[in-house]
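Read through the structure below, which is laid out as structure tokens, and then see the notes.
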Amino acid sequence: MMPIRDVVIFPHMMTPFVVGRESSVRALEEANATGKQIFLATQHDASIDEPRPDEIYAVGTVANIVQSLRQQDGNIKVLVEGVERGKVISVSDEDGFFRAVVRTRSFRIEGGPQLDALVSRVTTQFEQYVKLSQNLNYETMVAAIRPDDPGKLADTVGANLQLTIEEKQELLEIFDPIDRLTRVAEMLDIEIEKLQVDRTIQGRVKRQMERAQKEYYLNEKIKAIQKELGRGEKSEFDDLKKKIETAGMPKDALDKAMGELRRLENMPPMSAESTVSRNYLDWLLAVPWKKASKEIRDLNFAREVLEGDHYGLEKIKDRILEFLAVRRLVEKPKGSILCFVGPPGVGKTSLGMSIAKATGREFVRLSLGGVRDEAEIRGHRRTYIGALPGQIIQMMKKAGTKNPVMMLDEIDKMSMDFRGDPSAALLEVLDPAQNTSFQDHYLDVEYDLSNVLFIATANVLHTIPGPLQDRMEVIRLSGYTELEKMEIARRFLIPKQLEGNGLKTEQLSFDELGLRGLIHGYTREAGVRNLEREIGNVCRKVVRQVVVTLPPEAATEEEPKPKKARGRKKAEVVDIETKEAPAETAPAPVFKPVSVTEANLAELLGPAKFRDTVWDKKNEIGSTTGLAWTEVGGSILTTEVSILEGRGKLTTTGKLGDVMQESAQAAMSYVRSRAHELGLPRDFYRHIDIHVHVPEGAIPKDGPSAGITLATSISSALAKIPVRGDVAMTGEITLRGKVLAIGGLKEKLLAAHRYGISEAILPKENEKDLAEIPDVVKKDMKLHFVEHMDEVLKLALERQPEPVPPAALDFNTQPVEDLRH
């Protein structure tokens, strides 16, 4: 027995191969010396030099050695003829080679119509396969097949098919000739289909190559004819060259473009590389190099545009006017990069459009929300298939001028992954000292962005990397007051919704109380998006009433009218189909103009979505109103404290963050240090548990600014003195009771004003921020600035606790009451 590699020997087939392994040479010499018969079986893995018996297929072929020839390198070239297939019963390894006991099987085949049909099918299929295959000689193969012997026919066809070793071994292991012939027929079907697909693809490729050669030949002939006629060779290359020379490119970009044009001229027109070069030149020419918008520097016109498009926002309007004033005096000032930060719906994006309108520049908007690929900013290199410039260059092409207003919307919502960090790529774009030579990966030439006015928008700043923040001038947009919202609704939102819903001003109107009720009861936001949405809901209700009152003809102009015939009497109109006079229709109801008042708001919009929590809030023990800052503006936050029997445990609930829990610990420590002033025994905490809860428990809360709120609630619960319900507060507390400054003061006070709170307790250090607070808030609210927690308790509690000597109050004898009001 001899294992063989990368070949399967079939019975009745003559196969040459080279023997080189020492064990195989010994087995071959032994077979030549005895009876020139050898059992050939294929090994599983061809890379193994000395396979074990279990690494060789059990089914192989008994073969006769026809010829063997020893070569100069020691290998033996042998020619064998397969006799019959056999299966190994046992294998022994003696004398350095395998000896095997092999069982062979013989089958008696009975003819019949089914067998004849199968043989005919395989013969026909094999002839078709040989015709399609380019590796087999037709005459030789047709002469080799023997239709009278099904087993030999199956082996002959299987040996000549382009199959894998595993598929050929599978065919060899089928001993029954009929089953083997059936399997060969299935394999032939698959191989013929593969060859037909290959031939179809080759024919298509050949036709495309012939077409390309034909077009190239005709193009060259046309050029020769034009040259012979004396018309010259003016072509698209001349047009491209002229466009490049007049585009106004800097020297390095011009040299690059001309070099690319020379490469394009020498390329075959139909090559893939010529398409890449042509696209590159098109992009170089599409980007504005010298075309600029004529800038409007009239400050009065700019103020009129800004005032006409937006109400309020005085700080931003002043900054834009300052920018224009600088442009009047300085011919080439550095580009400005502004960043508008504020809650949704306050007009950041629309403000950018107004700036472009006021300055006479083009406006383009690039949304950066969800962008996580650095190539979105810088583009892909031209080596990649389908490469394009980055969004910055694409926006410049869209603007068509080199000095547009480019808005980078939602810059705080960029992210990063394995493809890079887009915020790092923006560092060069938004740096006035670097963006004069911005280099896109696709263009691969320097492009000047210093004339672009970049305006970024964001809801929060903490998600923007520090180096990127440092390159931008941050301007904060806080929420609107109630008066500002009413003015915005009158000037902009109501006319916009009336026009969008097809209504006229005389059909729908809003009185002052109705508009105020709409703002109070149906919206609670820093911006005006929900307010616009609710005004739109009112408009749609009125539109439905208007349409109901229209006559049918006016409501359905395209509806076909019934055919009518004229009678002799002019007053009679008779329907042809019914032969009856039409019935008199009821007169349509008359539409009455709608005025939105406080009384009919619920009828138009349903019950109020929000109620004023301050109006019905009473003075309660252990319940304090605090002020909070969120990404969508300010809000109020109630803090509740309950006293329970226990062992001095402080429990906090309401999904509080680590900083807020530490504030509760600091507040508790302060209260313990002031137990004497609050009328409490020195060891009061040993017999009680204190539970601090902040409602709306599903919303995460964090930050140090609730310190004085927590301390006030704990003091009130322990001293059994109610907290005033019309007072809100915010401030960080220290262990010594000092009140420290907080952030977001304007948003917090706007929220307090929105909720109807009349007084607010604030840190003394925040008094400098009063300049940013709207006058209407300062007029309607009484603001107390404090430095110590003792001042907070004097202002917030209904009455002051009476200091009691520690020995006068024994907490062990006093029952702990349920302090809920």
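The values are calculated or read from the model by the stated rules, or taken from the named source; none is laboratory data. Just so it is clear, the model here is predicted, and its values are computed rather than measured. Ideal geometry is used to build each Cβ from the backbone, glycine not excepted, and the neighbour counts take in all protein chains shown. These area figures cover heavy atoms from the full protein model, side chains too; ligands, DNA and RNA do not enter into them. Shrake-Rupley method; radii C 1.70, N 1.55, O 1.52, S 1.80 Å.
Keeping all protein chains in place, calculate the accessible area per residue for the chain (probe 1.4 angstrom), answer in Å². Provide the component values of the computation, followed by the final result.
Values: 44850 Å² over 821 residues.
I get 55 Å² per residue for the chain.
Which value, to two decimals, describes the C-alpha radius of gyration of the stretch 52-162 once divided by 2.2 N^0.38 Å?
1.39
So how do 68-78, 724-734 stack up, highest first, on mean other-Cβ count within 10 Å? Kindly include the intermediate steps, with their values, before the conclusion.
Details: 68-78: 12.7, 724-734: 23.5.
Averaged packing, sorted descending, gives the order 724-734, 68-78.
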Positive dipole terminus of the chain, leading residue within Val119, Ile385, Leu218 (C-beta point charges): Leu218
For the stretch 278-288, Karplus couplings with θ = phi - 60° (6.51, -1.76, 1.60), whole Hz, Gly/Pro x: 5, 4, 5, 5, 4, 5, 4, 7, 6, 6, x
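Please give the peptides 704-717, 250-263 ranked by average Cβ packing (other Cβ atoms within 10 Å per residue), highest first, as a rough proxy for protection. Working shown, then result.
Values: 704-717: 28.1, 250-263: 15.1.
Ranked from most to least packed, the peptides come out as 704-717, 250-263.
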Scattering curve values for the chain, log₁₀ I(q)/I(0), Debye with Cα scatterers, q = 0.05, 0.06, 0.11 Å⁻¹: -0.66, -0.80, -1.23
Folded to 0 to 90 degrees: helix 512-522 orientation relative to the chain principal axis, Cα: 50
Relative pair counts by distance (%), Cα atoms of the stretch 349-492, 5 Å bins: 2, 9, 17, 21, 20, 14, 7, 5, 3, 2, 1, 0
Mean Cβ neighbour count within 10 Å, used as a protection proxy, ranking 403-411, 165-173 highest first: 403-411, 165-173
Semi-axis lengths, Å, the stretch 620-773, gyration tensor of Cα atoms, sqrt of 5 times eigenvalues: 26, 16, 14
Percent accessible area from carbon and sulfur atoms, the chain, protein chains only, probe 1.4 Å: 50
Entries of Lys294/Lys332; Lys485/Lys609; Lys317/Lys779; Lys317/Lys402; Lys317/Lys748; Lys348/Lys485 with Cα pairs more than 21 Å apart: Lys317/Lys779; Lys317/Lys402; Lys317/Lys748
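Within the chain, what percent of beta bridges assigned by DSSP are antiparallel, to the nearest 5? Walk me through the numbers on the way to the answer.
On the way: 55 of 94 bridges.
Once the DSSP bridges in the chain are tallied, antiparallel ones form about 60 percent.
Considering Cα pairs under 8 angstrom that are at least six residues apart, work out the relative contact order of the chain and quote it in whole percent.
Details: 1390 pairs, mean separation 60.3, N = 821.
Averaging sequence separation for qualifying contacts and normalising by length gives 7 percent for the chain.
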Angle between the chain longest axis and helix 251-265 axis [Cα atoms, degrees, rounded to 10]: 30
Principal axis box of the stretch 1-98, alpha-carbon based, largest edge first, Å: 33, 27, 25
Kirkwood Rh and Cα Rg combined as Rg/Rh, the stretch 392-438: 0.99
Accessible heavy-atom area order of Thr651, Thr61, Thr124, highest first, probe of 1.4 Å: Thr124, Thr651, Thr61
Anchor Lys701: aspartates and glutamates whose Cα lies under 19 Å away (excluding residues fewer than 8 positions away in-chain): Glu525, Glu631, Glu640, Asp658, Glu662, Glu732, Glu747
Length gained when the stretch Arg328-Lys242 is fully extended (0.36 nm per residue, less Cα-Cα span): 27.4 nm
Qualifying lysines (Cα of each under 17 Å from Cα of Lys256; at least 8 residues distant if same chain): Lys241, Lys242, Lys243
Expected-Rg normalisation [2.2 N^0.38 Å, Cα atoms] applied to the stretch 432-504: 1.81
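Name the shape class, rounded, prolate or oblate, that the alpha-carbon gyration tensor gives for the stretch 351-410, where a ≥ b ≥ c are the square roots of its eigenvalues, rounded holds for a/c under 1.5, and otherwise prolate holds if a/b is larger than b/c and oblate otherwise.
Details: a/c = 4.44, a/b = 1.82, b/c = 2.44.
In terms of gyration-tensor shape, oblate.
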